[in-house]
Structures are given as structure tokens and as C-alpha cells.
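Novice: Below are the C-alpha cells for one structure; questions will follow.
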Amino acid sequence: DTAVSQTPKYLVTQMGNDKSIKCEQNLGHDTMYWYKQDSKKFLKIMFSYNNKELIINETVPNRFSPKSPDKAHLNLHINSLELGDSAVYFCASSQSTEMDIQYFGAGTRLSVL
Amino acid sequence: AQSVTQPDIHITVSEGASLELRCNYSYGATPYLFWYVQSPGQGLQLLLKYFSGDTLVQGIKGFEAEFKRSQSSFNLRKPSVHWSDAAEYFCAVGDHGGATNKLIFGTGTLLAVQP
């Protein structure tokens, strides 16, 4: 049973479209994250939510809007997709905002054409 | 600013040989350190972590890492590499400021294993 699951695994779309990526964790964790991995494999945090509340927003363009309907889910909606948004997006979760292990999903590879 | 440096972009070792992947960090407070592995097309899997205590930590798959505060390093080692160890390895420091925490990653080291 997958601990952190993301859908879809692959997403190919045209510039200007709007798309969403979904993430769910069944670990009972309070804190969830979105990371972006660029074409050079560099990983950088985008957002973090704790109990549905936004706690980290790392100067991400406001075309990116995370939403957490409950603490087990953190979705990422992207408006007006640009070529530079092409990347692998990873969802992760941890027990709380205290320093602890973060468990990662398998990633969503987004390709903007 | 907090940062992690992995000096080796790409390393090739022979199967059965020993391995050391380098990681240096810059962090003002007590560091929380991690090594993750990413196999092709997969997510990140935690190999090991250091929070406090014994500076030599053991992880999964026969990996270990040693925290050296004087050198700001947290190098990953394995005595005998298996072909299945071929993957991308990421060192990370946990940035725990206030009510938040996040991982700051290095740029990764790609490990190739020769038969």
C-alpha cells in the first residue's frame, strides 16, 4: 500500500493550459510538501502545509496554487502553463513540522509543449 | 545561507568496489542531515539520517555515513557496491526555522556501476 501517492505519473500539455496534480498520503502525517526537480535534477521546495494551513511558500509564481482539502491531501494546480514549468514535481509528507523524515511520492513528470 | 554541496556530479565504480560519495553543508545551527537515493523514474527513498548522537550512522542497503562537524561533511559510504546501487544520490540538510521545516538538497551524484 503506497504511503505517498501522486497522480498522474506523467502529464503532457500545451503552453497556456491549466493542470492539476494530486497527492495523497496514508501515513497519518500532519505536514505535506511540494518539491520541484528541474532538468538538472536540482530539487527545491515550493510549498508546505501543516494541518491544511500553508506554512511555506518559497517565492513560487502565483500561477501555482496548492490546495489542501484535508491533511491527507495536497493538490497542486498550475494556471497558464509555461515551458519553464516542465519538471518533475514531488509530493512529500512528514509527521509534523518538527524536523523528521520526509517520505516522497514517485513524482509527476510534467512536460509543457 | 544554508546550502549543500556534492562535489562529484558523476562517479563510476566497479561492482564489488568500495564507494564514498561526498557531501558538505553550510548551516548555522545543529544540522539535521539526510541521504536519499533516486532510482531511474522513481521517487526519493531515504537511506539514512543524522540528528544527533553517534556520528557514524547506519542505513539501509548496507550504506553508512559519518558526520564530521569540523569538516562540515556527511559523506556516504558502502564497502562493496552492487549493480543495483546505480542511481542518483542526494544529500540534504533539514532547515528547521521556527514553525517550519524543509529540506535543502545538494545537486546530486549520479552513480554508475561497471560489471
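Novice: Give A:ILE78, A:ILE101, A:ILE45, A:ILE55 a once-over and let me know the one that is over 24 Å from B:PHE90 (Cα atoms), of a type in the set (Val, Ile, Thr) and facing chain B (nearest Cβ under 10 Å).
Specialist: Numbers: A:ILE78 fails: facing chain B (nearest Cβ under 10 Å); A:ILE101 fails: over 24 Å from B:PHE90 (Cα atoms); A:ILE45 fails: over 24 Å from B:PHE90 (Cα atoms).
Only one candidate passes the filter, namely A:ILE55.
Novice: Under 9 Å between Cβ atoms, which residue pairs at least 6 apart in sequence (or on different chains) link something in the stretch A:52-66 that is touching a residue at least 24 places away in the same chain (Cβ under 8 Å) and among the hydrophobic types (A, V, I, L, M, F, W, C) with a partner that is open to solvent by less than 50 Å² (accessible area, probe 1.4 Å) and not in a strand (DSSP E or B)?
Specialist: If the second residue must be open to solvent by less than 50 Å² (accessible area, probe 1.4 Å) and not in a strand (DSSP E or B), the pairs left are A:ILE55/A:THR97; A:ILE55/B:THR100.
Novice: Is there any pair linking a residue in the stretch A:37-50 that is under 14 Å from A:PHE64 (Cβ atoms) to one that is among the acidic types (Asp, Glu), with Cβ under 8 Å and at least six apart or on different chains, and which?
Specialist: Between residues of the stretch A:37-50 that are under 14 Å from A:PHE64 (Cβ atoms) and residues that are among the acidic types (Asp, Glu), the close pairs are A:LYS44/A:ASP38; A:LYS44/A:GLU58; A:ILE45/A:GLU58; A:MET46/A:GLU58; A:PHE47/A:GLU58.
Novice: Now a separate question. Which residue is nearest to B:ASP8 (Cα to Cα), if the candidates are limited to the stretch A:40-58 and must be assigned to a strand (DSSP E or B) and open to solvent by 80 Å² or more (accessible area, probe 1.4 Å)? Quick ask: steps written out before the conclusion?
Specialist: Initially, the stretch A:40-58 is screened for residues assigned to a strand (DSSP E or B), giving A:43-50, A:53-57.
So of that shortlist, the ones also open to solvent by 80 Å² or more (accessible area, probe 1.4 Å) come out as A:44, A:53, A:57.
On the way: A:LYS44: 19, A:GLU53: 38, A:ASN57: 30 Å.
Filtering the stretch A:40-58 for residues that are assigned to a strand (DSSP E or B) and open to solvent by 80 Å² or more (accessible area, probe 1.4 Å), the one nearest to B:ASP8 (Cα to Cα) comes out as A:LYS44.
Novice: Let me ask something additional. Strands (runs of 3 or more DSSP E) wholly in the stretch B:15-115 with at least 1 residues that are open to solvent by 50 Å² or more (accessible area, probe 1.4 Å) - which ones? Before the answer, list the steps.
Specialist: Working: elements: B:19-21, B:24-26, B:32-38, B:44-50, B:56-58, B:64-68, B:73-78, B:87-95, B:102-105, B:109-114.
Qualifying strands (runs of 3 or more DSSP E): B:19-21, B:24-26, B:32-38, B:44-50, B:56-58, B:64-68, B:73-78, B:109-114.
Novice: State the number of residues belonging to the stretch B:1-14 that are of a type in the set (A, V, I, L, M) and either more than 14 Å from B:ASP85 (Cα to Cα) or outside any strand (DSSP E or B) (or both).
Specialist: Residues that pass the stated criteria total 3.
Novice: Would you confirm whether any residue within the stretch A:10-22 is assigned to a loop (DSSP other than H, G, I, E, B), under 26 Å from B:PHE90 (Cα atoms) and more than 10 Å from the chain's Cα centre (by Cα)? Break it down into steps so the answer makes sense when it comes.
Specialist: Residues of the stretch A:10-22 that are assigned to a loop (DSSP other than H, G, I, E, B), as a first pass: A:14-18.
Narrowing the set further to residues that are under 26 Å from B:PHE90 (Cα atoms) leaves none.
Looking for residues that are assigned to a loop (DSSP other than H, G, I, E, B), under 26 Å from B:PHE90 (Cα atoms) and more than 10 Å from the chain's Cα centre (by Cα), one finds none in the stretch A:10-22, hence no.
Novice: Looking at A:PRO69 and the list (1) open to solvent by 50 Å² or more (accessible area, probe 1.4 Å); (2) within 14 Å of another protein chain (Cβ to nearest Cβ); (3) under 15 Å from the mean Cα position of the chain (by Cα), which single condition is not satisfied?
Specialist: With respect to (1) open to solvent by 50 Å² or more (accessible area, probe 1.4 Å); (2) within 14 Å of another protein chain (Cβ to nearest Cβ); (3) under 15 Å from the mean Cα position of the chain (by Cα), A:PRO69 is out only on (2).
Novice: Can you confirm whether the stretch A:11-31 contains a residue that is without any contact (Cβ under 8 Å) to a residue 40 or more places away in the chain and open to solvent by 70 Å² or more (accessible area, probe 1.4 Å)?
Specialist: no
Novice: Looking at the stretch B:23-44, I want the residues that are within 14 Å of A:GLN102 (Cα to Cα) and free of Cβ contacts under 8 Å to residues at least 12 places away in the same chain and have a partner that is open to solvent by 50 Å² or more (accessible area, probe 1.4 Å) and in a strand (DSSP E or B) with Cβ atoms under 9 Å, at least 6 apart or on another chain. Which pairs are those?
Specialist: Correct list of pairs: B:GLY43/A:TYR103.
The values are calculated or read from the model by the stated rules, or taken from the named source; none is laboratory data. Please read all numbers here as calculations on a predicted model, not as lab measurements. Glycine also receives a Cβ, built like all others from the backbone with ideal geometry; neighbour counts cover every protein chain displayed. In case anyone asks, the SASA skips ligands and DNA or RNA and just uses the protein heavy atoms, side chains included. Shrake-Rupley method; radii C 1.70, N 1.55, O 1.52, S 1.80 Å.
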